[in-house]
Amino acid sequence: MNLNKLEKQTNASIDYWIDAFQQLDLDKILMKPSEQSWSLGQVGIHLWMASKGFFFKNAEKCLSQEGTERGKKKKLGAHVIFTFRMLPPVRYEMPQQVSVVPKQPESKEQLIAKLEEIKKMAAGYIQRIPQSDPELKTRHPFLGWLNTAEWIELCSIHFRHHRAQKKRIEKHFGFK
């Protein structure tokens, strides 16, 4: 895996959101299309939470060899996702036991700072990939077994996947 390419892709995926939030006023960031929908700010908080609490947590387990398995494989669908570097363009519902509705950000600055934190953390994990054993993997509930590099790449893919949600919210409010 080309680590420079992974870092550029990851930075671009996160910078897309940082740039978007920098261009919007907080009131627009907090607007929800409906009571059941998320605001752009909630999408940003979700990206931060998922990165730290899921993607990076599993990457760290692979690096520390905590709860890993050797020789396990990804599911067929995961191969497609990693080949095309994208999730299928459909809406996903998280299983009820892990579903969390993200809180609204307290401020635009807080939201941007959280995404900058993720960018910095991702860079740190990418630098550590050469120290990891690619055969040590943790289980993704839908994709099968992933190693450190795959968890970081999936984080980047996840950021890009939520662009469609951003576009739906912007279209609803006529932001663009």
For region 62-73, check the following and say yes or no: at least one residue is without any contact (Cβ under 8 Å) to a residue 12 or more places away in the chain, farther than 15 Å from Asp133 by Cβ and of a type in the set (Ser, Thr, Tyr).
no
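Please find, within region 58-67, the residue that is nearest to Trp151 (Cα to Cα) out of those that are of a type outside the set (A, V, I, L, M, F, W, C) and surrounded by 15 or more Cβ atoms within 10 Å (Cβ to Cβ). Give the derivation first.
First, the residues of region 58-67 that are of a type outside the set (A, V, I, L, M, F, W, C): 58, 60-61, 64-67.
With the extra rule that they be surrounded by 15 or more Cβ atoms within 10 Å (Cβ to Cβ), the set shrinks to 58, 60-61.
Numbers: Asn58: 7, Glu60: 9, Lys61: 10 Å.
Top of the filtered list is Asn58.
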In this structure, is Glu35 part of a loop (DSSP other than H, G, I, E, B) and of a type outside the set (Gly, Ala, Ser)?
yes
Does Glu117 meet the test of being closer than 26 Å to Phe21 by Cβ and over 19 Å from the mean Cα position of the chain (by Cα)?
no
Residue match in region 115-133 (condition: at pLDDT 95 or above and assigned to a loop (DSSP other than H, G, I, E, B)):
yes
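The values are calculated or read from the model by the stated rules, or taken from the named source; none is laboratory data. Since we're looking at a predicted model, the values are computed, not measured. Heads up, the Cβs are rebuilt from the backbone with ideal geometry, glycines too, and the neighbour counts pull from every protein chain shown.
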